[in-house]
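Okay, so here's the structure we're looking at.
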Amino acid sequence: YATYPTVELMKVLLPDSGHIQEMEIERKNRKNRRAGRPLLEPIYTVDEAYQSLSNLQGVGYKESIQVAPDIRARFVDAGHILGSSMIELWVQENGKEIKLVFSGDIGNNAQPIVKDPSTIDTADYLIMESTYGNRLHHEPQDEIELLREAIQDTYQKGGNLIIPAFAVERTQDLLYHLSLLIEQKQIPPMPVYIDSPLATAATEIFQNHPEYYDQETSDLINRGGSPFQFPGIKFTQTAEESKSLNNISRAIIISASGMCDAGRIRHHLKYNLWRPESTVLFVGYQAEGTLGRQILDGEKKVRIFGDDIAVKADIRFIGSYSAHADQAGLIAWVKKFSVPPGEVLLVHGEPESTNTLAGLLRT
């Protein structure tokens with residue numbers, strides 16, 4: 001079972017994940033063969049991913065699902081990404097009903113497009129995420145202003161603004177903010193290229209589900225605007241279209257992957273990192289060991305496709321783009337329970353984050 005947007009997104013994301021696993025395992029197995037070590041198998045392949053899609057069954061929010069004779073479930077909006085859910089489970093055991101709630105990833109109230117996380121009345125056991133249990137986000141208006149400044153500064157220098165972004169939610173959030181800046185005439189005219197087949201497919205799925213939008217996005221549409229279609233936007237499809245961007249200037253290029261470890265973004269970095277007039281704007285977390293982290297940490301030279309590339313572009317970071325609730329958001333969500341949960345189990349967080357949140361919830 002999954003919400004309808006999740007079913008559609010899985011049709012795109014799951015085979016892509018299988019492909020990445022196959023490529024990664026093949027790379028590791030080349031080393032294993034040379035070292036005489038046992039070969040590895042992917043967790044699942046592209047073919048297995050496609051085969052599994054026939055098992056998906058779409059459901060709506062708050063629709064009751066009889067999972068088993070003694071187990072009933074319901075999805076409610078987690079406000080994290082399109083179609084994301086918290087799960088309520090009612091379990092009959094020894095003549096008694098117990099309610100479990102899995103929070104999943106709790107959304108950030110400040111993020112655009114999707115609605116705020118749903119509130120839940122009661123839970124005997126709450127299994128809750130703690131990703132940002134020890135951190136607060138920047139004010140949401142800061143991210144729009146920082147984006148505007150990056151665009152304005154790059155335009156004045158005659159360079160390109162390169163934005164590595166996750167294909168789902170982060171790309172769509174950026175498009176929403178760009179549409180507002182264009183509507184309000186706050187940025188100079190620059191073409192916007194979405195150079196990621198996965199992001200293009202995901203954006204189409206977002207467009208197909210306006211019933212999941214929040215009030216602000218609905219208002220934008222009612223004014224005749226669109227969060228994903230505006231003057232100057234172009235969705236590239238083929239490798240040839242992507243390569244044609246190598247020699248342009250004064251353009252905004254949004255491409256995956258968000259941490260720069262794969263995808264077309266690496267080509268754009270190769271052709272723009274060495275240009276002082278260009279800007280690379282990171283809008284998401286960069287994990288240790290990734291190309292994105294190397295650039296963000298100030299490396300003067302990075303290796304891309306076997307070539308050493310000098311880092312002379314302006315490197316910027318906007319830390320407030322997050323689909324996760326921060327510490328204040330997590331605490332506020334728990335406090336909205338009509339009756340405090342009987343027991344809270346914190347998951348999905350680094351030890352410091354989880355322990356900090358646990359201490360605050362105990363007070």
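Evaluated against (1) assigned to a helix (DSSP H, G or I); (2) out of contact with any Gly (no Cβ under 9 Å at 6 or more places or on another chain); (3) small (Gly, Ala, Ser), GLY289 falls short on exactly one condition, (1). Residues of region 39-56 that are touching a residue at least 24 places away in the same chain (Cβ under 8 Å) and either surrounded by fewer than 12 Cβ atoms within 10 Å (Cβ to Cβ) or assigned to a loop (DSSP other than H, G, I, E, B) (or both): PRO42, TYR44, THR45, ASP47, LEU56. Just one of (1) in a helix (DSSP H, G or I); (2) touching a residue at least 40 places away in the same chain (Cβ under 8 Å); (3) not assigned by TED's automatic domain parsing to the domain that holds ALA110 fails for SER353. It is (3). Is at least one residue of region 328-339 surrounded by 20 or more Cβ atoms within 10 Å (Cβ to Cβ), farther than 28 Å from TYR155 by Cα and among the small types (Gly, Ala, Ser)? Yes: region 328-339 contains one or more residues that are surrounded by 20 or more Cβ atoms within 10 Å (Cβ to Cβ), farther than 28 Å from TYR155 by Cα and among the small types (Gly, Ala, Ser). May I ask you to verify whether ASP77 is more than 30 Å from SER218 (Cα to Cα), assigned by TED's automatic domain parsing to the domain that holds PRO340 and touching a residue at least 40 places away in the same chain (Cβ under 8 Å)? It is false that ASP77 is more than 30 Å from SER218 (Cα to Cα), assigned by TED's automatic domain parsing to the domain that holds PRO340 and touching a residue at least 40 places away in the same chain (Cβ under 8 Å). So, ALA73, is that one of a type outside the set (D, E, K, R), surrounded by 14 or more Cβ atoms within 10 Å (Cβ to Cβ), within 14 Å of GLU88 (Cα to Cα) and modelled with pLDDT of 95 or more or not? Taking the combined requirement at face value, the residue satisfies it.
With respect to the conditions (1) in a helix (DSSP H, G or I); (2) modelled with pLDDT of 95 or more; (3) farther than 18 Å from LEU13 by Cβ; (4) among the hydrophobic types (A, V, I, L, M, F, W, C), PHE206 falls short on a single one, namely (3).
Screening region 265-282 for residues that are surrounded by 15 or more Cβ atoms within 10 Å (Cβ to Cβ) and more than 20 Å from SER242 (Cβ to Cβ) and picking the one that is farthest from the chain's Cα centre (by Cα) gives GLU277. Say we look at region 186-202 and pick out the residues that are farther than 25 Å from LYS11 by Cβ and modelled with pLDDT of 95 or more; which of these is surrounded by the fewest Cβ atoms within 10 Å (Cβ to Cβ)? Per the stated criteria, the residue is PRO188. Residues that are part of a loop (DSSP other than H, G, I, E, B), under 30 Å from GLY60 (Cα atoms) and within 24 Å of the chain's Cα centre (by Cα) within region 121-162 comprise SER130, THR131, TYR132, GLY133, listed in sequence order. Total residues in region 217-238 satisfying the condition of being over 26 Å from PRO164 (Cβ atoms) and not in a loop (DSSP other than H, G, I, E, B): the figure is 4. Taken as a whole, region 76-88 holds no residue that is of a type outside the set (Phe, Trp, Tyr) and loosely packed, with under 14 Cβ neighbours inside 10 Å.
Let's see how each residue does on (1) touching a strand residue (DSSP E or B) at 6+ places or on another chain (Cβ under 6 Å); (2) under 17 Å from GLY159 (Cα atoms); (3) small (Gly, Ala, Ser); (4) assigned by TED's automatic domain parsing to the domain that holds PRO197:
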residue	(1), (2), (3), (4)
ALA262	no, no, yes, yes
HIS267	no, yes, no, yes
GLY289	no, no, yes, yes
LEU296	yes, no, no, yes
VAL302	yes, no, no, yes
ASP308	yes, no, no, yes
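For region 219-244, filtered to residues that are exposed (fewer than 12 other Cβ atoms within 10 Å of the Cβ) and of a type in the set (Gly, Ala, Ser), the residue that is farthest from TYR271 (Cα to Cα) is GLY224.
Let's see how each residue does on (1) part of a strand (DSSP E or B); (2) among the aromatic types (Phe, Trp, Tyr); (3) closer than 26 Å to GLN21 by Cα:
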{"site": "ARG250", "(1), (2), (3)": "no, no, no"}
{"site": "SER257", "(1), (2), (3)": "no, no, yes"}
{"site": "TYR271", "(1), (2), (3)": "no, yes, no"}
{"site": "ALA325", "(1), (2), (3)": "no, no, no"}
{"site": "LEU330", "(1), (2), (3)": "no, no, no"}
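When restricted to residues that are surrounded by fewer than 22 Cβ atoms within 10 Å (Cβ to Cβ) and touching a Cys at 6+ places or on another chain (Cβ under 9 Å), region 164-185 contains 0.
Is one or more of the residues making up region 17-38 surrounded by 17 or more Cβ atoms within 10 Å (Cβ to Cβ) and either under 25 Å from PHE206 (Cβ atoms) or assigned by TED's automatic domain parsing to the domain that holds GLU204 (or both)? Checked against the condition, which is being surrounded by 17 or more Cβ atoms within 10 Å (Cβ to Cβ) and either under 25 Å from PHE206 (Cβ atoms) or assigned by TED's automatic domain parsing to the domain that holds GLU204 (or both), region 17-38 yields at least one hit.
Of the residues in region 171-188, none is part of a strand (DSSP E or B) and in contact with a Phe, Trp or Tyr (Cβ under 9 Å, 6 or more places away or on another chain). Whenever a residue of region 95-107 is farther than 15 Å from GLN327 by Cα, its partners that are of a type in the set (Asp, Glu) and buried (at least 19 other Cβ atoms within 10 Å of the Cβ), lying with C-beta atoms within less than 8 angstrom and at least six residues away or across chains, give the pairs LYS99/GLU88; LEU100/GLU88; VAL101/GLU88; GLY104/GLU129.
The values are calculated or read from the model by the stated rules, or taken from the named source; none is laboratory data. Note that the coordinates shown come from a computational prediction; the quantities given were computed from them, not determined experimentally. Please note: Cβ atoms are built from the backbone with ideal geometry, for glycine as well, and neighbour counts cover all protein chains shown.
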